[in-house]
Amino acid sequence: MSPWQRWWLLAFGVVWTLPNSLIGAIAGVVAMPFGARPKFHKGDLALVFHGFPLGPGGAMTLGNVMLSTHTDLETLCTTYAHRAGWCVQPKTRIGDHERAHVLQYMALGPLFLPLYLLFGGVSVRNCFERAADRYALTGRGWWPWLKVNSKAAIVRIGDTRTR
């Protein structure tokens, strides 16, 4: 893919998920008097509100906006599968996990939230969360409908070639 094609694809994704991003931006702006601080993270393709004062801890993504209770995106967190006792995995950078959600939002736009809730919401059983954990662990595989073959290579469903 040429740099121009990549740029247009990213621009389309930003516009496609704009309704979700607006919800996140409004939540971030409302939280600013209570300590949230906005900062654009180019590598994460997101406006991040650090020190978001609400919620149990961690981060949440809405479009190209991340709401993080932490002071930065370097905070380590456990994967959903590890937390559920399904396996033992190393901790991951919370920013990498949330970046996967940004990419999911950019691909699915306004369909993301209904699909996310349909597939289980905040849960280890949700394919969106498992994909975000996979991406945080490997740097690949943010798309929720991928399967992992026995050699731990990520493959698109229906594709027999390893990547």
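For the reader, a short list of remarks on this structure follows.
- Scanning segment 42-53 for residues that are farther than 14 Å from A100 by Cβ and not β-branched (V, I, T), we see that the one that is surrounded by the fewest Cβ atoms within 10 Å (Cβ to Cβ) is K42.
- Restricting segment 38-71 to residues that are in contact with a Lys or Arg (Cβ under 9 Å, 6 or more places away or on another chain) and at pLDDT below 90, the residue that is farthest from T17 (Cα to Cα): G43
Matching residues to (1) modelled with pLDDT of 95 or more; (2) in contact with a Leu (Cβ under 8 Å, 6 or more places away or on another chain); (3) under 22 Å from D44 (Cβ atoms):
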site: P90; (1), (2), (3): no, yes, yes
site: A100; (1), (2), (3): yes, no, yes
site: Y105; (1), (2), (3): yes, yes, yes
site: P110; (1), (2), (3): yes, no, yes
site: P114; (1), (2), (3): yes, no, no
site: S123; (1), (2), (3): no, no, no
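Every residue, every condition in (1) within 17 Å of H101 (Cβ to Cβ); (2) of a type in the set (K, R); (3) under 14 Å from the mean Cα position of the chain (by Cα), yes or no:
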{"position": "A11", "(1), (2), (3)": "no, no, no"}
{"position": "G35", "(1), (2), (3)": "no, no, no"}
{"position": "G55", "(1), (2), (3)": "yes, no, no"}
{"position": "M60", "(1), (2), (3)": "yes, no, yes"}
{"position": "H70", "(1), (2), (3)": "yes, no, no"}
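- Residue satisfying all of: in segment 121-143; aromatic (F, W, Y) and either outside any helix (DSSP H, G or I) or over 19 Å from L108 (Cα atoms) (or both); nearest to the chain's Cα centre (by Cα) among these: W142
- Residues satisfying the stated conditions in segment 122-133, i.e. surrounded by fewer than 20 Cβ atoms within 10 Å (Cβ to Cβ) and touching a helix residue (DSSP H, G or I) at 6+ places or on another chain (Cβ under 9 Å): V122, S123, V124, R125, N126
- Selected residue (criterion: surrounded by the fewest Cβ atoms within 10 Å (Cβ to Cβ)) from residues of segment 73-84 that are of a type outside the set (G, A, S) and in contact (Cβ under 8 Å) with a residue 24 or more places away in the chain: R83
- Residues in segment 26-52 that are in a helix (DSSP H, G or I), of a type in the set (A, V, I, L, M) and closer than 9 Å to L67 by Cα: 1 in all.
- If you filter segment 73-84 down to residues that are in a helix (DSSP H, G or I) and not hydroxyl-bearing (S, T, Y), you find that the one that is nearest to W143 (Cα to Cα) is A81.
- Here the condition is being surrounded by fewer than 21 Cβ atoms within 10 Å (Cβ to Cβ), over 13 Å from the mean Cα position of the chain (by Cα) and more than 23 Å from T78 (Cβ to Cβ); of L113, L118, it holds for L118 alone.
Rundown of residues vs (1) assigned to a loop (DSSP other than H, G, I, E, B); (2) surrounded by 21 or more Cβ atoms within 10 Å (Cβ to Cβ), yes/no style:
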{"site": "T71", "(1), (2)": "yes, no"}
{"site": "W86", "(1), (2)": "yes, no"}
{"site": "P90", "(1), (2)": "yes, no"}
{"site": "G95", "(1), (2)": "no, yes"}
{"site": "A100", "(1), (2)": "no, yes"}
{"site": "Q104", "(1), (2)": "no, yes"}
{"site": "A107", "(1), (2)": "no, no"}
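The values are calculated or read from the model by the stated rules, or taken from the named source; none is laboratory data. In this text the structure is predicted, and so the values were computed from the model without any measurement. Backbone-built Cβ (ideal geometry, glycine too); neighbour counts: all protein chains shown.
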